[in-house]
Amino acid sequence: MWKCSVCGYVFEGVEAPDKCPKCGAPKEKFTKLGEEEKLITRSRLTNSLHIEAFTLLQRLLEIAEKGIQDNLDPPCVKIFSEEKEFAITTMQKIKAELETHMKKGKWG
Ligand SMILES: [Zn+2]
């Protein structure tokens, strides 16, 4: 794995690319990853699962907001309100966790 020192793009290959696909920096700006590579590889599944769950929670939030708006009866609104709260709180937890991963090199 190679990392662009300008923008952080991670490239997988025997050699660094001629130029960075993201920022266009030349080959010389790429550095070969050592130990960091293991951390990136190990964390990929969990990071993908967090992103997938985040997408589902966004959908849940939309559904909950529609249900609150429909306002059929108080028990239904209560359930939708709890769903909304759960979705928002969990999405914020996921964002905080992914930020931690990025800072610790568990990203790429
Ligand atoms: Zn770059």
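Remarks
- When the range 71-108 is filtered for residues that are surrounded by 11 or more Cβ atoms within 10 Å (Cβ to Cβ), aliphatic (A, V, I, L, M) and under 20 Å from THR55 (Cβ atoms), the ones remaining, listed by number, are ALA87, ILE88, MET91, ILE94, LEU98, MET102.
- Scanning the range 30-47 for residues that are among the hydroxyl-bearing types (Ser, Thr, Tyr), more than 12 Å from HIS101 (Cα to Cα) and more than 12 Å from the ligand (Cβ to nearest atom) gives a single hit, THR41.
- Residue check, PRO75 assigned to a loop (DSSP other than H, G, I, E, B), at pLDDT 95 or above and not polar (S, T, N, Q): no
- Yes/no for GLY67 being surrounded by 14 or more Cβ atoms within 10 Å (Cβ to Cβ) and over 23 Å from the mean Cα position of the chain (by Cα): yes
- Look at the range 1-22: where a residue is over 14 Å from GLU36 (Cα atoms) and in a strand (DSSP E or B) and a partner is charged (D, E, K, R) and modelled with pLDDT of 95 or more, sitting 6+ places away or on another chain with Cβ atoms under 9 Å, you get LYS19/LYS27; LYS19/LYS29.
- Boolean, LYS27 is of a type in the set (Lys, Arg), at pLDDT 95 or above, within 16 Å of the ligand (Cβ to nearest atom) and more than 25 Å from THR100 (Cα to Cα): yes
The values are calculated or read from the model by the stated rules, or taken from the named source; none is laboratory data. Note that the coordinates shown come from a computational prediction; the quantities given were computed from them, not determined experimentally. Note that we place each Cβ from the backbone using ideal geometry, even for glycine, and neighbour counts take in every protein chain shown.
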